[in-house]
Each structure stands twice: as C-alpha cells, then as structure tokens.
Amino acid sequence: MFYLHCTKKLLNRIKPDIVTAGPSDTALGNWYATVMFWKPQVALLVSERTLLPVLLPLAPAATLAPRFPSQLALVLKEHGVPSEFIAQEVWRMDKVQYAKTANRSVVGILNEFVKQAEFWLAAYAYEKGDDDDLLAISAKLAETPCSPLYKGPVSPDRALHELVKAGAQA
C-alpha cells in the first residue's frame with residue numbers, strides 16, 4: 001500500500017476519500033501528484049523518497065491510481081532497474097490511499113518539474129496517445145539536480161540507483 005498526496009487541483013478532479021497519511025509499504029515511499037493542463041492532460045507524480053518523476057495521461061482521472069504502477073514499471077525499466085525490484089514495488093502498490101500534500105519541499109519540486117516539463121514537451125512534441133514521449137520526458141526530468149538531494153545523490157535518477165543498490169545489498 002502507498003499514499004498518494006495530491007494537490008488541490010488534482011483532488012478536485014478525482015474527488016477521492018482523503019485520509020491522514022502514514023508510511024508506505026513501498027521502497028520508493030509515498031508519492032505526490034499534480035495535474036498538468038496540457039492537451040491531453042497529464043498527471044505528474046513524484047516519489048517522496050527519491051523525487052523520481054513519472055508522467056502519465058490523466059484521463060480517465062478516476063483510474064489514475066490503478067494505472068500508475070504499470071507506468072512506474074516502465075519508468076523504472078527505462079532507468080535500468082532490475083526486474084525483481086520493479087516486480088516487488090508494483091506488487092506492494094496493490095492499494096492506494098489519498099491524502100493532501102504535506103511536504104512543501106516535494107511540492108516545490110513538483111512545481112519545478114512542471115516548468116521543466118513544458119520545455120521537454122516542446123522538445124519531444126507530445127501528442128495524444130504517444131506515451132513514449134511521456135516516458136522520455138520523465139527520464140529527462142529525473143536527471144535534474146534537486147536541492148533536497150544535494151547532500152547525497154543530487155538527482156532523482158542517482159537517488160533511485162542508490163536506493164536499488166542499498167536494497168540489493170540488504
């Protein structure tokens with residue numbers, strides 16, 4: 001089970017039952033999400049633990065959480081994460097609870113990624129139904145240095161690899 005902390009814009013679209021968040025069962029921890037009003041609209045999700053970004057089509061908004069693990073699996077595969085880690089992570093995401101945003105630092109990263117994604121959108125010319133472009137944009141965003149990670153791996157892709165490596169050694 002994991003908690004999906006949604007911005008007010010996204011909560012208004014999904015209209016889920018909101019709970020008080022706790023710790024997640026997943027290695028990547030809780031996730032933060034917002035909506036990007038592109039044509040078609042896109043959801044941006046960011047791991048609280050590694051700041052790894054994942055983009056996926058928003059529509060239909062009510063099925064965002066159930067569709068998210070399969071998109072995360074594609075992003076993890078794109079980053080060269082071992083299939084055992086991916087399978088374990090997706091398996092632990094069998095249940096989701098919605099919560100309001102609580103970590104302002106992660107919300108700041110979400111906002112920064114939204115701005116940067118606009119640039120990459122133009123570079124990759126995202127068109128309806130072309131999820132490969134969203135995967136490429138997610139991968140490019142993961143290379144971004146993020147201030148909450150400066151004392152360690154610096155960027156989400158490096159933080160992801162450190163987390164996977166630490167899990168493999170445990």
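Among Arg104, Arg158, Arg67, which one shows the biggest mean-square fluctuation in a GNM of the chain, springs joining Cα atoms closer than 10 Å?
Arg104
From the phi angles alone, apply the Karplus equation (6.51, -1.76, 1.60; θ = phi - 60°) to the range 55-66 and give each ³J(HN,Hα) in whole Hz, x where the residue is Gly or Pro.
9, 8, x, 6, 6, x, 4, 5, 9, 4, 4, x
Quote the relative contact order of the chain in percent (integer), defining contacts as alpha-carbon pairs under 8 Å separated by 6+ residues.
Reported relative contact order: 26 percent.
Among Ala99, Ala62, Ala139, whose mean-square fluctuation peaks in a Gaussian network model of the chain (Cα, cutoff 10 Å)?
Looking only at Ala99, Ala62, Ala139, the biggest GNM fluctuation is shown by Ala62.
Measure up Lys39/Lys100; Lys39/Lys165; Lys39/Lys140 against 27 Å on the Cα-Cα distance and list the ones that go over.
Lys39/Lys165
Calculated from DSSP H runs of 4 or more alone, at -39500 (n - 2.57) each and per residue, what is the 222 nm mean residue ellipticity of the chain, nearest 500?
-14500 deg cm²/dmol
Might you tell me the accessible area per residue for the range 1-114, computed with a 1.4 Å probe and given in Å²?
Roughly 46 Å² per residue, with all protein chains present.
Show Thr63, Thr144 ordered by accessible area, largest first, where the area counts protein heavy atoms only and the probe is 1.4 Å.
Thr63, Thr144
Pick out which of Val46, Val96, Val75 has the largest mean-square fluctuation in a Gaussian network model of the chain, springs linking Cα atoms closer than 10 Å.
Most flexible of the set in this elastic network: Val96.
Pairs of alpha-carbon atoms within less than 8 angstrom and 6+ residues apart define the contacts here; what relative contact order does the range 17-103 have, in percent?
After rounding, I find 30 percent.
Specify which labelled value, from [x] 17.9; [y] 15.9; [z] 17.0, agrees with Kirkwood radius over Cα pairs in Å derived from the coordinates of the model shown.
[y]
Counting only protein heavy atoms and a 1.4 Å probe, tell me what percentage of the chain's accessible area is made up of carbon and sulfur.
Answer for the chain is 53 percent, counting heavy atoms of protein chains only.
The values are calculated or read from the model by the stated rules, or taken from the named source; none is laboratory data. Note that the coordinates shown come from a computational prediction; the quantities given were computed from them, not determined experimentally. Heads up: the accessible areas ignore ligands, DNA and RNA and are worked out on the full protein's heavy atoms, side chains in. Shrake-Rupley method; radii C 1.70, N 1.55, O 1.52, S 1.80 Å.
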